[in-house]
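One structure is given here, and the rest of the page talks about it.
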Amino acid sequence: MISLSGVTKRYGETLAVKALDLSIESGEFTVLIGPSGCGKSTTLRMVNRLIEATAGKIEIDGEDIASYRPEELRRRIGYAIQSVGLFPHMTVEKNIAVVPTLLKWDEARIKHRVGELLELLSLDPAIYSEKYPSQLSGGEAQRVGVARALAADPAILLMDEPFGALDPITRESLQREFLRVQRELKKTILFVTHDIDEAMAMASKIAIMRDGSLIQYAAPEEILESPADRFVREFIGADSALKRLALLKVGPLFKRAKSIKEREGLVAAKERIVEGENLWLTDEKGVVKGWISPRSLTGAEDLTEATTSLDPRAAGIAKDDNLRDALSTMVKFGFRTAPVVDKGGILLGELSLSAILEA
Amino acid sequence: MGNFVTFHANRIVAGAPFTIFESAGTMVAAALLLLLAAIICASLYSGGGKWRDYALGALPPIATALLIYTAGHAARALSLDATPIARVSLGSGFWIPLLLLPVIYFDSIQNNEGLLAPAAAGVLSTVAVAVFFVYGFMDDLSLMKEFANRSDRFFSELSTHLTLSGVAVSLAVLIGAPLGLLAERRERLSGPTFFTLNVLQTIPSLALFSILIPLIAALLALFPTLKEAGVGAIGSTPALIALTIYSILPVARNTYTGLRTVDSAIIEAARGMGMTPLERLLKVELPIASPIILGGVRIALVQAIGLTAVAALIGAGGMGTFIFLGIGQSADDLILLGALPTVLVALIADGAMQGMIKIVKPKGI
Ligand SMILES: Nc1ncnc2c1ncn2[C@@H]1O[C@H](COP(=O)(O)OP(=O)(O)OP(=O)(O)O)[C@@H](O)[C@H]1O
Ligand SMILES: [Mg+2]
């Protein structure tokens, strides 16, 4: 647990951080967000004492960080920054090994740890261990930067816009991957960004700052539902409703669906269909092939004629998709009700537009 | 090649110029001229691809060796029926190709891919030239006669010269590198530090030597024990001090610049990982800055080797001894006996430092 109480940083006349109180539970992924110059980086860097606070107290697990030697403190806290700062004269392996080496781990343990971390961040050790930073792409370099921050298995990770310099596609894949890593490792993370979408996607708690002060500190859903003031409302943007949908999963909202197999025939379909609802056509294994509406059934000669076919891989929705993506799929295919399928395209149920609107 | 060599009846009188044909004979002269013509054609001709690269990489060293041999041959031919006090010195027809050939050679090495043929030609020619000198092919040249008269002195002065430059640069590294580091760490100090070093650098060497003599004399008067320890107001002490002063600037400046080029993100990462300032310096900053710092040592070394020649004026010895002796006696070849090895040593030191920088430079930078 990290707790900041009354933390202030003054540069001459300017107060970069003003009497900040913030308490971060262990295992929490806290995102610091706010406009440029509001004091996010300053706050972050006071936690590992790259900057000394002018006033106030910072404690980690109840111990005042001022009681440690700064170097000793920093070796216990992972640190990753936007410009990465890999050491150009060291291989990827040596870069990741920096903190373990400072902590005098034995060689075999370091080697094992480096391999483990490269795998964790989806970098093949056989390919990347011996490369130099100049031979890496921006995304690869940042993965190595994150691996280096994780090297000595610190309980706390400080990250200052780590994905800020990457192109949107690389950024998104790194975000997703880092979330997977975090689910596995359960670190206490303090993460700075000024991208609200990144904050919503990653955070378990968001701290919104302005002019050196904390404006709101809450879970993403809560910030979207009840922004503290106008500033927060404007900051999260006009599409806050969509952002909220992005935080909710399809899982709890979909319900059972009626389906019919091809060989059961037209008569069975007519018996099973209910006015105002669709019937999903599946093959023997249950893979969705198309849908049948009450209207298409009237006057049709056989089942095939009544069916509008669909490809479950494109038009199907997965259980752990978020509602924004589900809505996007439904708009794209013109569905009021969309099939929820598993990886193989087998029908699990259906999600209706009204269920999303009520969420 | 109008004036290939000059024939003097004795060491002091003005000489008569001889062309390469007159002095070296038709066969040798024609061979050398053909080779030079081939090199000139190759360097002017832009096509030819690989063959041109071979010609410009391999022929200049061979031509240089042949040129030197031809000079020795010419001197022998002219000396045959002359008195023992007659002298044969080298003329512009020798010096101009001797200066141009290395330029063509090194230019070709830098711009072309294949290094095997030029390197082989370079090594072979160097060996050949060494053989010419050791086995007496060159002995009839005035330059070699000056050497023969002073061969013991030559080697002792050469060693004095190398020691003076080497010690001065070592001291300069010990002083200049920490100074550069300090200036980088305390930015406020960098202005005054480099202002002072720049001013010192602009003092003419002769003036600096003469300022130091009375200063050291005064110091010796105050502390007689220094005198007993072998410190003198003239000779190697002021020379060493002056040479060290001149060598500090390149070392300090390059240390400062080298450390400054380290990206701020790298410094921040090093601090954030928990490196102490000393660990950061030794593991991160110095390795990254090392090529630039060594570049400063290289400049200091080449400069010191040249400046040491002047130190002979205040009795410090070194190759300058022959230069000033030669000036006093109007004996050009004695001047050359001091100047040529100085240039050669400076070139070798330069090449060696460049090689070392290539080897020491960390991979990945
Ligand atoms: N070394 C310094 N000297 C003086 N003022 C500083 C210094 N470092 C930061 N500041 C000021 O402190 C304030 C907060 O800076 P900080 O770097 O924490 O902002 P930030 O929220 O991280 O901004 P950004 O999103 O642009 O990175 C700014 O107004 C900045 O100008
Ligand atoms: Mg910042």
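List of remarks:
- Converting phi to 3J(HN,Hα) with the Karplus coefficients 6.51, -1.76 and 1.60 and the offset θ = phi - 60°, the range B:118-129 yields x, 5, 4, 4, x, 5, 4, 5, 4, 4, 4, 4 Hz in sequence order, with x at every glycine or proline.
- Positive dipole terminus of the protein assembly as shown, leading residue within A:68, A:133, B:210 (C-beta point charges): B:210
- Couplings 3J(HN,Hα) of the range A:196-207, computed from phi: 5, 5, 4, 4, 4, 6, 9, 6, 9, 9, 10, 10 Hz, in residue order, whole Hz [Karplus 6.51 cos²θ - 1.76 cosθ + 1.60, θ = phi - 60°; x for Gly and Pro].
- Surface composition of the protein assembly as shown: carbon and sulfur make up 61 percent of the accessible area, probe 1.4 Å.
- Remark: the range A:53-101 is approximated by an ellipsoid whose semi-axes, taken from the C-alpha gyration tensor as √(5λ), come to 28, 13, 8 Å, largest first.
- When chain B is treated as a GNM with alpha-carbon contacts under 10 Å, the residue of B:254, B:198, B:111 showing the greatest mean-square fluctuation is B:111.
- Compared with its chain on its own, the range A:87-102 contains the following residues whose accessible area drops by 10 Å² or more in the full protein assembly (probe 1.4 Å; ligands, DNA and RNA excluded): A:87, A:88, A:89, A:90, A:98, A:99, A:101, A:102.
- DSSP beta bridges confined to the protein assembly as shown are antiparallel in about 65 percent of cases.
- Separation in nanometres of the label points that stand 7 Å from Cα toward Cβ, at residue A:346 and residue A:130: 4.7 nm
- Cα gyration tensor shape for the range A:2-247, rounded if a/c is under 1.5, else prolate or oblate: oblate
- What separates the Cα centres of the range A:27-105 and the range B:174-220 is a distance of 41 Å.
- For the options A:310, A:73, A:86, a Gaussian network treatment of chain A with springs between C-alpha atoms closer than 10 Å singles out A:310 as fluctuating the most.
- 25 Å Cα-Cα reach of residue A:343 towards lysines, excluding residues that sit fewer than 8 places from it in its own chain: A:249, A:255, A:258, A:261, A:285, A:289, A:319, A:332
- For q = 0.13, 0.17 Å⁻¹, Debye-computed log10 I/I(0) when each Cα of the range B:7-79 counts as one equal scatterer: -0.49, -0.70
- Surface exposure of chain A, expressed per residue as accessible area with a 1.4 Å probe, stands at 48 Å².
- Three semi-axes of the equivalent ellipsoid, the range A:255-358, Cα gyration tensor, whole Å, largest first: 23, 15, 11
- Note on the protein assembly as shown: helix-only mean residue ellipticity at 222 nm, from DSSP H runs of 4+ residues weighted -39500 (n - 2.57) and normalised by residue number, equals -18000 deg cm²/dmol.
- Loop trypsin sites (Lys or Arg not before Pro), the range B:173-212, which have at most 11 other Cβ atoms in a 10 Å radius of their Cβ (DSSP): B:186
- Length gained on full extension, residue B:187 to residue B:203: 3.2 nm, using 0.36 nm per residue less the C-alpha separation.
- Set of lysines with alpha-carbon distance to residue A:18 below 18 Å, sequence-local pairs under 8 removed: A:9, A:40, A:57
- Cβ charges +1 (Lys, Arg) and -1 (Asp, Glu), total dipole of the protein assembly as shown, debye: 840 debye
- Listed by chain and number, the lysines whose alpha-carbon sits under 25 Å from that of residue B:358, ignoring those within fewer than 8 places in the same chain, are A:94, A:131, B:283.
- Amide hydrogen proximity for residue A:215: with H placed 1.01 Å from N in the peptide plane, the residues at 5 or more positions away or on another chain lying under 5 Å are A:208, A:209, A:210.
- For the range A:74-122, the list of trypsin sites (Lys or Arg not before Pro) that fall in a loop by DSSP and count at most 14 other C-beta atoms within 10 angstrom reads A:104.
- Normalising the average separation of contacting C-alpha pairs (under 8 angstrom, six or more residues apart) by the number of residues puts the relative contact order of chain B at 16 percent.
- Intensity falloff of the range B:156-276 expressed as log10 I(q)/I(0), Debye formula with alpha-carbon point scatterers, at q = 0.16 Å⁻¹: -0.87
- The alpha carbon gyration tensor of chain B gives principal lengths a ≥ b ≥ c with a/c of 1.5 or higher and a/b no greater than b/c, which makes the shape oblate.
- For the protein assembly as shown, the Kirkwood estimate of hydrodynamic radius, built from reciprocal distances between every pair of different alpha carbons, is 33.6 Å.
- Simple label model, 7 Å out from Cα along Cβ direction - residue A:57 to residue B:217, nm: 7.2 nm
- The residues of the range B:151-360 expose, per residue, 46 Å² of accessible area to a 1.4 Å probe.
- With a 1.4 angstrom probe, the accessible area lost at the B-A interface totals about 1900 Å².
- Under the combined filter of DSSP loop state and at most 14 neighbouring Cβ atoms within 10 Å, the range A:87-157 retains these GluC sites (Glu not before Pro): A:130.
- Each Lys and Arg contributes +1 and each Asp and Glu -1, all at the Cβ; summed about the Cα centre of chain B, the dipole is approximately 820 debye.
- Tail weight of P(r) past 16 Å, computed on alpha-carbon pairs of the range B:58-157, percent: 63 percent
- Here the Kirkwood formula puts the hydrodynamic radius of the range B:151-360 at 18.7 Å, using every distinct Cα pair.
- Take each residue in A:44-57, count the other chain C-beta atoms within 10 Å of its C-beta, and the mean is 1.
The values are calculated or read from the model by the stated rules, or taken from the named source; none is laboratory data. Please read all numbers here as calculations on a predicted model, not as lab measurements. Cβ atoms come from the backbone with ideal geometry, glycine included; neighbour counts cover every protein chain shown. Surface areas here come from the heavy atoms of the whole protein model, side chains and all, with no ligands, DNA or RNA. Shrake-Rupley method; radii C 1.70, N 1.55, O 1.52, S 1.80 Å.
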